Amino acid sequence: MQSGPQPADLTDVRATNLAVVLRYVRAHAPCSRADIAAATGLNKATVSSLVADLIDRRLVREIGLTEHRIGRPATMLVIDGAAYAAVGIEISADHLTAVALDLAGGELLSWRRAFTGLAATPGKAASTVAALAGRAVARVSRQGRQVLGLTVGVPGLVDRDGRVCLSPELGWRDVDLRTDLIRALREPAYEVVVDNDAQLAALAEHRHGPHAGTANLVHLTGGAGIGAGLVVDGRLLHGARGFTGEIGHIQLDPEGPVCRCGANGCLEALASVPALIRRVLPDAEADGPLTDFAPEIDRVRTLARAGDERALATLAEIGRHLGTGVSILANLVNPEVVLLGGYYVPLAAWLLPAAQEQLAARTVAPEAGGARLVASTLAGGAAATGGATRAIAAIDSGRMPAIPTKPGG
C-alpha cells in the first residue's frame, strides 16, 4: 500500500486546467484562445480543447471576431452567464435576505423578508428559509437555469457539516440546520451548504465591489451580534473546525454589561446594534423586545443628522469600541481593509471617525499597519451575496458541472 502524496490522474489535471482557463476568461474577458495560451503557458491545442469543453458545459461562449489586434481577427470569449444560477440566503435576527447570481456574477434576484429570528424555533426557521429558497430556485429555474447550489449564512459557530453549534444572536444551540433544510427541500439535486454569515460576507467582499481581489480583508457584520469574516493571503480563514471570527465575544471590559454569551463586557455587549439602539433610544423596548432594527436605526440616523447630543456621544463611544476591536484584528492578521457591514453602514458617517482614531492609537504597527477602516458598499445583503458566490467560486476551483444533456439526447 502506497503512502504519501499520489500523482494526480488525467481527470484531475484536466479539471485543474479547465479551472485555469475559466478563471482567466473571468478576469480578462473578452479574450482569445491565443491570449489564454500566452498567459497560462498551455499549448494552443490544449487551450482549444479546454475551451471547447467549457463551451459544451455552457460556462464560456464566443462573442464573435475582433479586428483590433495585430494579425488575423480572433474569436473572443466571455463567461456564459445564461445557463446557471446560485442562491444565497442570509439569516439575521430580524430579516432574511435571498440573492441569486448567474455564473458571471450578475444579480438575478435580491429579496428581503421580515423574520423574527429570536421568536422562531429552529424547526420553524428551517421551514421558513426552505420556503424562501424554494421560491428563489423556482424563479431562476423558470429562466432555464441549472441551480449550482444553495448556501445559507447563519450568525454564530457553524461546523463543517452545517450544524449550528451556537448562535447567541438567534438563541440556537446544536441545530443541524443543513439536514433540516435538505429534508424541507425534499432532497434537492443541488448542493446545500450552511456556513457562518461573516465568512460569507468576507467572500462577497473579496469577489465583488470596490475591494474585490484584496488579499487581506475583514468584514464586520452589523446586526444583533458582531462577527468577523477574514480573508488572509487571498483565502478565507476557517480554522480547525470553522469557528473563526467571533470578535464580538472578545472581552473589552470585565466590569461591563452582561453579554448573551454569559461573559461581561464583550465587544458585542458594548457595541452591537441593539446596544447602540438601547443607548440612543431608551424607549425602543417599551413595547417589547426589539425584533426589527431598521426603523430604530432610521430614528438614530435622524437624531444624529439633527445634532442630538446623546446620539452623537453614543455613536462616538460605539465607534471607539469598534476601533478597539478592529485594532486587535489589525495586530493579529494585518488586513489591508476592514469593512463595517449591516446596520453599521447607514451610521458609518458618525461611527468611523472615532473608530479610525482608536484603530490608529491601539495598533502596534505604524499607521495601523496600513489597515483602512471603511463602510461596506454591499450593505445588508453581503452574506447572501457571498452564499451565492460560494457555488460559483467552487467551479472556478475545478468543480465543473456536467455537460448539459441536449434535447432529445
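Quick one: pull the percentage of alpha-carbon pairs in region 264-409 with a separation above 19 Å.
On the way: 6515 of 10585 pairs.
When all Cα pairs of region 264-409 are counted, 62 percent exceed 19 Å.
If you average the alpha carbon positions of region 230-258 and of region 12-67, how far apart do those two centres end up, in angstrom?
If you average the Cα positions of each part, the centres end up 39 Å apart.
Helix 309-333 versus the longest principal axis of the chain: what angle, 0 to 90°, nearest 10, using Cα atoms?
50 degrees
Using θ = phi - 60° and the Karplus curve 6.51 cos²θ - 1.76 cosθ + 1.60, what whole-Hz ³J(HN,Hα) does each residue of region 381-397 get, with Gly and Pro shown as x?
x, 4, 5, 5, 4, x, x, 5, 5, 4, 5, 5, 4, 5, 5, 4, 8
Charges on Cβ only, +1 for Lys and Arg, -1 for Asp and Glu, centred on the Cα centroid of the chain; of Q358, V326, A198, which one is farthest towards the dipole's positive end?
Looking along the dipole axis, the top candidate is A198.
Would you please give the FRET efficiency between N334 and R163, computed as 1/(1 + (r/R0)^6) with r the Cβ-Cβ distance and R0 = 25 Å, to the nearest 0.05?
After rounding, the FRET efficiency stands at 0.20.
First compute the accessible area of the chain with a 1.4 Å probe, then give the percent of it belonging to carbon and sulfur atoms. Before the final figure, lay out each step's value.
On the way: 9580 of 18740 Å².
That fraction is 51 percent.
Report the one residue of I91, A349, A402 whose Cα lies farthest in the direction of the positive end of the charge dipole of the chain (charges on C-beta: Lys and Arg +1, Asp and Glu -1; origin at the Cα centre).
A402
If you filter region 69-140 for trypsin sites (Lys or Arg not before Pro), then keep DSSP loop positions with at most 13 other Cβ within 10 Å, what is left? Don't jump to the answer; show the numbers that get you there.
Values: sites: R69, R112, R113, K124, R135, R139; in loops: R69.
Counting only loop positions with at most 13 other Cβ atoms within 10 Å, the trypsin sites (Lys or Arg not before Pro) in region 69-140 are R69.
Using the beta-carbon distance between R241 and A138 and R0 = 35 Å, what value does 1/(1 + (r/R0)^6) give for FRET efficiency, to the nearest 0.05?
Computed FRET efficiency for R241 and A138 comes out at 0.55.
Per residue, how much accessible area does region 52-133 have with a 1.4 Å probe, in Å²?
43 Å²
What is the magnitude of the charge dipole of the chain about its Cα centre, with +1 placed on the Cβ of each Lys and Arg, -1 on the Cβ of each Asp and Glu, and no other charges, expressed in debye to the nearest 20?
Value, rounded to 20: 1320 debye.
For region 204-291, which trypsin sites (Lys or Arg not before Pro) are both in a DSSP coil and crowded by at most 16 other Cβ atoms within 10 Å?
The qualifying sites are R241.
Give me the dipole magnitude in Debye, nearest 20, for region 51-132 about the Cα centre, with unit charges on the beta carbon: positive for Lys and Arg, negative for Asp and Glu.
Around 100 debye, computed over region 51-132.
Apply the Karplus parameterisation 6.51 cos²θ - 1.76 cosθ + 1.60, with θ equal to phi minus 60°, to every residue of region 355-361 and state each ³J(HN,Hα) to the nearest whole Hz, in sequence, with x for glycine and proline.
Per-residue couplings from phi come out as 5, 5, 5, 5, 4, 5, 6 Hz.
Can you quote the Å³ per residue value for the convex hull of the Cα atoms in the chain, rounded to an integer?
About 198 Å³ per residue, rounded to a whole number.
The values are calculated or read from the model by the stated rules, or taken from the named source; none is laboratory data. None of these values were measured; they are calculated from a predicted model. Using ideal geometry, Cβ is built from the backbone for each residue, glycine included, and neighbour counts are taken over all protein chains shown. We work out accessible area using only protein heavy atoms, side chains counted, and drop any ligands, DNA or RNA first. Shrake-Rupley method; radii C 1.70, N 1.55, O 1.52, S 1.80 Å.
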